[in-house]
Amino acid sequence: MKPILRVYKNKHALTQAVTAQIVRILTSSCRARGRALLCLSGGSSPIDVYQTLALPEFSRKVPWDKVHFFWGDERCVSPDDPESNYKNAADALLNFIPADPEKIHRIKGELPPKEAALDYQKVLQDFSFGPLPWPGFDLVILGMGEDGHTASLFPGAQDPDEDLLPVLSVSARYKNRPADRITLTPMVFNSARNLIFLVSGEAKAAAVRQVFSSRQDLPLLPAQRILPRKGKVFWQLDSAAAKYLQV
Ligand code: 6PG
């Protein structure tokens, strides 16, 4: 499906709109299927949204006991490390809502990377979706790096055989963040019903322009590989990130 692009005047407006959108998607998934499968992103971009979602005005609308939490990627660190994507989501959201601990399916970044990837692959299998050994997430939230990476799918040649696995362990340098990571692969993201790219700030504007240019460069722009077959993909941007787009 063609990406749906929305631009907000600033980060605050973006945060409010995306938080309300998450509430709508979670509540309608719970109504329709009795549960919601939510896959969270790491990085700094979603923190404001997580904190806003934890506020009573939003939080009370969501049947949290029916929501399953997953992550699109994790850094290979322990769950109490400040670089842990799980910890960041817990500190901003999970610790403030009545989530069911049995429905929090974190990636075990403390295990050796290959083991953590296999462990997560098994977790996903328990939620398999028709013939596919992974879930069709009701909602995936993703960020994007200044280099066009998303989750831990980084620019550069990838082993095509690895693309056939739902979970990979990878190693890539980005800023001062941990290099060893576990990530879901595009085929898993592309099975989602809804996917939100949450991107803000001028530093991302050039990468946003490249993603939306007519030129496809899948190895160098991993974000372009995320295009759900049937689901919807929303690019939710502030005006700084959308600076070079004609909208
Ligand atoms: C991670 C991520 C990664 C992140 C981007 C953007 O674990 O680092 O999931 O893909 O979303 O690097 O990061 P910022 O939101 O901090 O710019």
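The values are calculated or read from the model by the stated rules, or taken from the named source; none is laboratory data. Predicted model only: the values in this text are computed from it and were never measured. With ideal geometry, Cβ positions are generated from the backbone for all residues, glycine too; neighbour counts draw on all protein chains shown. Each accessible area value is taken on the protein alone, full model and side chains, heavy atoms only, with ligands, DNA and RNA left out. Shrake-Rupley method; radii C 1.70, N 1.55, O 1.52, S 1.80 Å.
List of remarks:
- Pairs, first β-branched (V, I, T) in segment 20-32, second surrounded by 14 or more Cβ atoms within 10 Å (Cβ to Cβ) and assigned to a helix (DSSP H, G or I), C-beta under 8 Å, six or more apart: I22/V49; I22/L53; V23/L53; V23/F58
- Filter result (part of a helix (DSSP H, G or I) and either charged (D, E, K, R) or in contact with a helix residue (DSSP H, G or I) (Cβ under 8 Å, 6 or more places away or on another chain) (or both)) within segment 13-46: T15, Q16, V18, T19, A20, I22, V23, R24, C30, R31, R33
Yes or no, residue by residue, for (1) out of contact with any Gly (no Cβ under 9 Å at 6 or more places or on another chain); (2) more than 13 Å from the ligand (Cβ to nearest atom); (3) open to solvent by 60 Å² or more (accessible area, probe 1.4 Å):
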residue	(1), (2), (3)
T183	no, no, no
I196	yes, no, no
A207	no, no, no
F212	yes, yes, yes
I226	yes, no, no
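- Among the residues making up segment 10-52, those that are charged (D, E, K, R) and farther than 19 Å from G231 by Cα are K11, D48.
- Taking the numbered list (1) more than 17 Å from P222 (Cα to Cα); (2) modelled with pLDDT of 95 or more in turn, N176 passes all entries but (2).
- When segment 61-101 is limited to residues that are open to solvent by less than 60 Å² (accessible area, probe 1.4 Å), closer than 20 Å to T150 by Cα and assigned to a loop (DSSP other than H, G, I, E, B), the one that is nearest to the ligand (Cβ to nearest atom) turns out to be G72.
- Subset of segment 47-60 that is farther than 20 Å from R106 by Cβ and part of a loop (DSSP other than H, G, I, E, B) - its residue that is farthest from the ligand (Cβ to nearest atom): R60
- Residue within segment 30-44 that is over 27 Å from N10 (Cα atoms) and polar (S, T, N, Q) present: no
- All of L124, L139, L153, L111 fail the test of being of a type in the set (A, V, I, L, M) and without any contact (Cβ under 8 Å) to a residue 60 or more places away in the chain, apart from L111.
- Test for L118: is it assigned to a helix (DSSP H, G or I) and free of Cβ contacts under 8 Å to residues at least 60 places away in the same chain: yes
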